[in-house]
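The values are calculated or read from the model by the stated rules, or taken from the named source; none is laboratory data. These numbers were taken from a predicted model, which means no experiment stands behind them. When we count neighbours, we look across all protein chains shown, and the Cβ atoms used for this are built from the backbone with ideal geometry, even at glycine. Just the protein is used for accessible areas: all its heavy atoms, side chains included, with ligands, DNA and RNA removed. Shrake-Rupley method; radii C 1.70, N 1.55, O 1.52, S 1.80 Å.
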Amino acid sequence: MTPVSVMSGSMGDIFWDLPPWITYAPGFDLGCTIYVANPTPLEKEYALMARLYRGETLVSEEAVPVFGYAWFKVAPQDFIRLRGALRFNESDADLAILLVERETEEVIDSAATRLIAPQATAAGLPPSWPGAPGTSQTGFDWSSLFAIMLPVMMLGMVVGSSKTSEDQKADSAFTTGRKALPEGRKE
């Protein structure tokens, strides 16, 4: 059993591994891991709801089934990890996952992220790699390739020159006039 953080809510806590915003194309799976913690000394039942907002307007709302059921249990002072995927027909909206406690049927915590359409990211947020589709730069930037390959080439030259000097030292040991050892007894 893992102790729950002091920062959690009094009835339950939810958090996930998604960043504050993410590029999302409608109709595709959005993989995530959701954590639900129960900081109370009693077993609790929770439900998850997904809501999409565009500004103040509610675009969609749906229950998120966990193990095929609307309600799921979390042991006292423990948490569960839920791995799965969400799929929506909208983008350019705010996604909120709400944690609902069964006894009060109130939303006790939530996690949110902004879903940004792929073409919107090319217009500014975040900056794309040089030469990526949709950027103003055309052609290939050879300086980036050179910057990547330069350290590799320098390492190859250093390793090659040290190997050559070792070979020369070994060859010079045989030509410096040292006497060869006599043959052993032949019996």
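Looking at Gln77, Gln137, can you tell me which residue is modelled with pLDDT under 90 and open to solvent by 40 Å² or more (accessible area, probe 1.4 Å)?
Gln137
For (1) within 21 Å of Ala117 (Cα to Cα); (2) at pLDDT below 95; (3) among the hydrophobic types (A, V, I, L, M, F, W, C); (4) open to solvent by less than 20 Å² (accessible area, probe 1.4 Å), each residue gets a yes or a no:
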{"site": "Trp21", "(1), (2), (3), (4)": "yes, yes, yes, no"}
{"site": "Asp29", "(1), (2), (3), (4)": "yes, yes, no, no"}
{"site": "Thr40", "(1), (2), (3), (4)": "no, yes, no, yes"}
{"site": "Leu58", "(1), (2), (3), (4)": "yes, yes, yes, no"}
{"site": "Val66", "(1), (2), (3), (4)": "no, yes, yes, yes"}
{"site": "Ala85", "(1), (2), (3), (4)": "yes, yes, yes, no"}
{"site": "Phe88", "(1), (2), (3), (4)": "yes, yes, yes, yes"}
{"site": "Asp94", "(1), (2), (3), (4)": "yes, yes, no, no"}
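Out of segment 85-104, which residues are hydrophobic (A, V, I, L, M, F, W, C) and either farther than 16 Å from Gly31 by Cβ or touching a His at 6+ places or on another chain (Cβ under 9 Å) (or both)?
Once the filter is applied, which keeps residues that are hydrophobic (A, V, I, L, M, F, W, C) and either farther than 16 Å from Gly31 by Cβ or touching a His at 6+ places or on another chain (Cβ under 9 Å) (or both), segment 85-104 yields Ala93, Ala96, Leu98, Leu99, Val100.
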